[in-house]
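The values are calculated or read from the model by the stated rules, or taken from the named source; none is laboratory data. Everything quoted here is computed from the prediction, not taken from an experiment. Please note: Cβ atoms are built from the backbone with ideal geometry, for glycine as well, and neighbour counts cover all protein chains shown. The area values use the complete protein model at the heavy-atom level, side chains included, leaving out ligands, DNA and RNA. Shrake-Rupley method; radii C 1.70, N 1.55, O 1.52, S 1.80 Å.
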Amino acid sequence: MAATKQPSHTSESDVARPSNPLQSDFEDPGDDDSMDADERYLKSLGYKQSLHRQWKLFESFSASFAALYFVGGIRTTFSIGVGAGGPAAYWSSYVVTCIFVFITAAVLAEICSALPAAGSIYFWAAESGGRRYGRLFGFIVAWWSTTAWTTFVASNCQAAANFLLSEITVFNLSFPTDTTNVKFRAVQWIVSEAILFISLSMNYLDPKVYKTIFRLATGIIMLDFFLNIIWLPIAVSKSYGFQSAEFVFTQTYNETGAPPVWNWMLSYFVTAGVLVGFEASGHVSEETKNASLTAARGIFSSAFASGILGFPIVILFLFCTPDLDTLYGLDAPQPFVGLYAMTLGRGGHVFMNIVCIFGLIFNTTVAGVASSRLIWAVARDGVLPFSGWISAVSEKKEPRNAIIIMHAVAALLLCTILPSPVAFTSLVSAAGVPTITAYALICFGRTFITPNEFKHARWSLGRFSRPLTFIALIWNLYLAGVLFSPIEFPVTADTFNYSPVIFGAITIFGIVSWWITPDEKWLPSARLGKVHGIVEE
């Protein structure tokens, strides 16, 4: 392949040497006696310890658990999920999704245990592709994952803005809430940008403060969970009453207009989007103590906890929803604000809405931590323009410039709210696709290209590794197909799902970048595969 050819005057040994001061020289033993186990392990992966390393299992767990924010994800997509197949499809698809998400999380946790480096997912993809395809896989997933996480940060801010602006409808204020109205979109954009600033401003704090932020984020999620589990059913019983068990477990609907079978399959459009992003623990692994074990546990435990705790929320919301005509008639950017107002009253729903908004703010803050570390790691290997500046580390050992880039790009993405409601919605719909396809590509490489590697992982699946990896491959390919589908039929310019177009453009950009970037400039093939020789002390 053209990208793996070495210049005639450059030996493999030269190419294996670092091209960035944050990388380590495989052949230079250095002062290994002064390094702790984490630093030696990172050096064997080809990198120097540049970020602070003081987080433990709880912080690793919280990085993924807060980034997932299962309650917020279920609530934000609930009306779409109920319309695609109905309640019967929603809860059953959620159960199926949990099973396969747990398998995928276990597979990625094993890889993370072998390769606990910041940026995780793109580095795992590069190693899963082996010496021949590793650089290509790495380039593509680098662009997929950075796009996905930055878009996720921006979409979170718009979601929080929708919760706040839905109070316009509840309090009958004389201001439009229709997204086709440019006046509303202008206010929505301003509020979203303000929330982005508040959320990401916490990313500039001293890394030591983040232990508190992780705890606050997890605490708000659990408060949100228990308020819904305890308070909402009491309020519903005193207002319009519960739906029947027959409605919850057997009722079907087709609000999408798709053929019956595909309408049911579209319920996975929602359930898959709720449980994606659990690899965040890997993004912060270079700041985690005992990372080869702790980060892997963080990935699996956060996915498992989010899935298990999310199931009662799904069932609860199905029992507590009004009839669909009422649900879809709630004229607000976020229907759940109207639902809370109907059940909890004005004072109660305001408190609940504040919890929802703060949950999304901290969700964005923690997602910003993971996203910035991903961008920093990709820049450390030279794939981004101005990589030297982006990968610079502050005196407090934090990737300050990567945070600035993430903040700036997310702010620009939010500007797409202004021209039309379709523009930003299309970007949001593309947020989950690159991550799901990255999972699939990693599993493809692990199944067919490097099936016998990563045997030194401390968190290991043993003999179940290969079959589970193949299962995860099939599952994530299926999810990608669902996420590429329109969710409203017949398909028009307004209902077309533009995520395949955006995804294709990102993929082409990644391939072109791989083609024109010299081997010695980014993840040289001589460096790829070196980590497979690591022997745990």
Residue-wise, which Karplus ³J(HN,Hα) couplings in Hz belong to region 474-479, taking 6.51 cos²θ - 1.76 cosθ + 1.60, θ = phi - 60°, and x for glycine or proline? 4, 4, 6, 5, 4, 4
Hz values of 3J(HN,Hα) by residue in region 181-194 - Karplus curve (6.51, -1.76, 1.60), Gly and Pro given as x: 8, 5, 5, 5, 5, 5, 5, 4, 5, 4, 5, 4, 5, 5
Hey, any idea what Rg/Rh is for region 352-404, computing Rh the Kirkwood way over Cα pairs? 1.17
From phi via Karplus (6.51, -1.76, 1.60), per-residue ³J(HN,Hα) for region 228-243 in Hz, x at Gly/Pro: 5, 5, 9, 6, 4, x, 4, 5, 5, 4, 9, 10, 8, x, 8, 6
If N is the residue count of region 233-275, its Cα Rg over 2.2 N^0.38 Å rounds to 1.54
Regarding region 405-499, what are the three Cα extents along the principal axes, ordered largest first, in Å? 52, 38, 19
Give the accessible area for I80 in Å² (nearest 10); use a 1.4 Å probe, count only protein heavy atoms, and leave out ligands, DNA and RNA. 70 Å²
Residue among A272, F171, F102 farthest towards the positive dipole end of the chain, charges placed on Cβ: F102
Residues of region 134-163 with amide N under 18 Å of the 7 Å Cα→Cβ point at I190: 158-163
Divide by every residue of the chain the summed helix terms, -39500 (n - 2.57) for each DSSP H run of at least 4, and state the resulting mean residue ellipticity at 222 nm, rounded to the nearest 500 deg cm²/dmol. -20500 deg cm²/dmol
Of K48/K208; K43/K521; K289/K521; K43/K396, those spanning more than 28 Å from alpha-carbon to alpha-carbon: K289/K521
Give me the percent of accessible area attributable to carbon and sulfur for region 58-534, probe 1.4 angstrom. 69 percent
Given the Cα-Cα distance of Y328 and T252 and 0.36 nm per residue of separation, how much length would full extension add, in nm? 25.8 nm
Provide the packing ranking of 383-395, 67-79, i.e. peptides ordered by the mean count of other C-beta atoms within 10 Å per residue, highest first. 67-79, 383-395
Quick one: the Cα spread of region 58-534 along its three principal axes, in angstroms, biggest first? 66, 44, 43
Counting only backbone N atoms under 19 Å from a point 7 Å out along Cα-to-Cβ of A37, the residues of region 288-303 in range are 288-299
For 310-322, 355-367, ranked highest to lowest by mean beta-carbon neighbours within 10 Å, the order is 355-367, 310-322
In Å², rounded to a whole number, the accessible area per residue of the chain with probe 1.4 Å is 37 Å²
Give me the percent relative contact order of the chain, please, defined on Cα pairs under 8 angstrom at least 6 residues apart. 33 percent
Taking the Cα centre of the chain as origin, work out the dipole magnitude from +1 charges on Lys and Arg Cβ and -1 charges on Asp and Glu Cβ, in debye rounded to 20. 260 debye
